[in-house]
Every structure is written in C-alpha cells, then in structure tokens.
Amino acid sequence: MTSTVPPLTSPAPPRAYRRTRRSRRGLALAAMALLLGLLLWGHGWIPNGAGHLGSLVETFLPWYGLAVPVLLAGALCRRSVAAAAALLVPVVAWLSLFGGQLVDRSGPGARLTVVSHNVGAANPDPAGTARDLVASGADLVALEELTPQATGTYQAGLARAYPYHAVRGTVGLWSRLPLSDAGPAGAMDPSRAMRATVATDRGRLAVYVVHLWSVRVSPGASFSADVRDAGAERLDRAVAADPAERVVVLGDLNGTLDDRAFAGLTARLRSAQDVAGQGFGFSWPATFPVARIDQILVRGVEPTRAWNLPATGSDHLPVAAGIRW
C-alpha cells in the first residue's frame, strides 16, 4: 500500500502583508514627489562651486516636470493616496515657475521686428540661410558664429534687403535703418560682441549682438561655464553703463535664463519670449530643441510678439520678436 505525499506549495502571502508592501512603495513614491517639488522650489540653493551643478540643473529646469506623469502613473498603480497627494507639491511648483509660458502672450502693434540667429560655423548652405532671413521680413538681423569663409556670402545675400550692416569678428548686424557707432560692447571679447546704434523715426535704439562662449559638459557630469559666466558679467556691466534709453540684446548666450549666471541681466532686461511669446521657445539643437539659449532681451521697449523661425542649415533655430515704444 502506497501513500501519496501532497506537493509542497508556498502559501500565498497574507493580504495584510501585501497591503503593507504596497503602502511602503506608495510612501517611496510620495518621497520622490516631495523631492521633485523641493528641487523645483529650491533649485537656487544647489551649490554652484566645482562642477557648476546649480547651473546644470537650472539649464533643463522645465523638463523636470516630465517626472510628474511618471510618478502619477506609479501612484495610480499602487493605489497610493499619499503619493498622489504629494504630487501636488511639484505640480504647484512647476506651474508657479512655468505655467505662464503655456498661454499666448503676444499682442498687436510691433514697430520693429528683430531676429537673432546663430548661423553655425558648419552651416552647409549660408546662401540659403540668408534667403530665409530676408524672407522673414525683419527690420534688424543679428548673426552669430560667422566664419571668414561664409561672411561674404551673408553680406551678398542680405545686401539688397539690408543696406546697412556692421561686422566685428564672428558677429554682425544687418539693418533696414541707418546704423552708427558700431564698435565694441564694453569690455567684452571684441570678436564675439558688438554694439551699434540704430536710427528710427522714434529715436535711437542701442543694439548689442553677442555670442558668449560655449559651456562644456564632461563625462563626469561636470559643467564648465566659467568663461561664459565671465562674459555674462561683462555684458551685464556694459548694459548697466549704457546711457541709451532703449536697448536690445540679441545673441546666443549659451545658457537659459533660468541659469543663475544671468541673474544680473534678467534684473535689468526683459526677455521678449517671456513677455510676448507662447511656450518655451526652445532654440537648440534645431533638430530637437531642448533649451532656449538664443535670446532677445530688451530695456525701454515693449515686446509685442516673440517666436521662432523655421530651421535653416544651422544647428540653432532663428529667434524673432516684434517691439514697440
């Protein structure tokens, strides 16, 4: 006579244990949501010493909002009320910082249209880029990253539409209106910055064209921005000392205005995109823009509209704004 031994099976975990485990995972999600909110609210507290970690975080600050739907999905899967409630903190923080950019702030009545474009040293079609800029109908066109080989092509392509122009090093300004006083921009690198005066029917307009030095991100996540930051400080001092009532700064600043390196400039100047644009106006890289590093900043004039132009042969998108006074 034989006996049958029933197979050994692991008993199902008690229901209370499963609830406890789910609750712990929900608390972990809630903690991550609170940390995200703390990052958004307190990004200015992140130290910016070696590695410029604070600047690196601030460069991509709007993108951290993408973590919210991911955490929300996790909260719903875990059925965690605590995690869902904690998500209110980063949502409120993100909306307080960037919610205004979700609406269209443009208005009518532009007197001048200005365009800034880093045309790219490796641009394979400078003639086509010049045609695209003429087609924009802008009154002022600022170009950055001009090369000796391509400058003549831009001069030829823009000459008919823009009879006045000035080039200094790698930056230049083309205008439908008379230019004067084209020269250095304070103590800035004379090959990467210039200042000129534009004569309009409503008075003079001081225009800066600037290309700050690039930042570098090393494999160890170090963010090298010392040279750029020094350029931003010199630009701030030049604008502060400028006696002109109306000032426009056009250029590739190689940084977003959320970056603390530009706190001095943003205290003196307003961003046309922030005042009169829609969305974030990301301008780089042109194939999939993730940051707005090309800026139009103003003092003494009112932006009425700000937008990006279609891509050219450059790795940057041209940025444009209408202004009045």
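The values are calculated or read from the model by the stated rules, or taken from the named source; none is laboratory data. Values in this document were obtained by computation on a predicted structure and should not be read as measured data. So basically every Cβ, Gly included, is an ideal-geometry build from the backbone, and we count neighbours across all protein chains shown.
Structure notes:
- Scan of the range 44-73 for residues that are farther than 16 Å from GLY99 by Cα, in a helix (DSSP H, G or I) and touching a residue at least 40 places away in the same chain (Cβ under 8 Å), ordered by number: GLY44, LEU53, GLY54, SER55, LEU56, GLU58, THR59, LEU71
- All positions within the range 65-100 that are among the aromatic types (Phe, Trp, Tyr) and crowded, with 19+ Cβ neighbours inside 10 Å: TRP94
- Of the residues VAL210, VAL249, the single one that is part of a strand (DSSP E or B), in contact with a Lys or Arg (Cβ under 8 Å, 6 or more places away or on another chain) and under 23 Å from ALA311 (Cα atoms) is VAL210.
- Of residues in the range 85-119 being within 28 Å of TRP174 (Cβ to Cβ), part of a loop (DSSP other than H, G, I, E, B) and over 22 Å from the mean Cα position of the chain (by Cα), the one modelled with the highest pLDDT: ARG111
- Contact map, the range 298-325: residues that are farther than 24 Å from ARG195 by Cβ paired with residues that are among the aromatic types (Phe, Trp, Tyr), Cβ distance under 9 Å, separation 6+ or inter-chain. Pairs shown: ASN308/PHE282; ASP315/TRP284; LEU317/PHE282; LEU317/TRP284.
- Test result for VAL70, modelled with pLDDT of 95 or more and under 30 Å from ARG192 (Cα atoms): no
- Of the criteria (1) under 22 Å from ARG195 (Cα atoms); (2) touching a strand residue (DSSP E or B) at 6+ places or on another chain (Cβ under 9 Å), which one ALA110 fails: (1)
- Under the condition of being charged (D, E, K, R) and within 18 Å of PRO90 (Cα to Cα), the residues counted in the range 38-80 number 1.
- Looking across the range 120-137 at every residue that is in contact with a strand residue (DSSP E or B) (Cβ under 8 Å, 6 or more places away or on another chain) and outside any helix (DSSP H, G or I), the one that is surrounded by the fewest Cβ atoms within 10 Å (Cβ to Cβ) is identified as GLY137.
- Within the range 139-158, being in a loop (DSSP other than H, G, I, E, B) and either farther than 16 Å from HIS316 by Cβ or more than 28 Å from the chain's Cα centre (by Cα) (or both) holds for one residue alone: ASP139.
- Within the range 294-322, being in a loop (DSSP other than H, G, I, E, B) and under 21 Å from THR113 (Cβ atoms) holds for GLY300, VAL301, LEU309, PRO310, ALA311, THR312, SER314, HIS316, LEU317, PRO318.
- Close pairs from the range 103-117: first within 13 Å of TRP307 (Cα to Cα) and among the small types (Gly, Ala, Ser), partner modelled with pLDDT under 95 and surrounded by fewer than 21 Cβ atoms within 10 Å (Cβ to Cβ), Cβ under 9 Å, at least 6 apart: SER106/GLN278
- For the range 271-308, a residue qualifies if it is within 19 Å of ALA244 (Cβ to Cβ) and under 9 Å from the mean Cα position of the chain (by Cα), and exactly one does: GLN295.
- One residue from ARG268, ARG246 being in contact (Cβ under 8 Å) with a residue 60 or more places away in the chain, surrounded by fewer than 23 Cβ atoms within 10 Å (Cβ to Cβ), over 16 Å from the mean Cα position of the chain (by Cα) and in the same structural domain as GLY172 (by TED's automatic domain parsing): ARG246
- Within the range 54-113, being farther than 30 Å from GLY300 by Cβ and among the hydroxyl-bearing types (Ser, Thr, Tyr) holds for TYR64, SER80.
- Within the range 253-279, the set of residues being farther than 25 Å from ARG216 by Cα, in a helix (DSSP H, G or I) and of a type in the set (D, E, K, R) comprises ARG268, ASP274.
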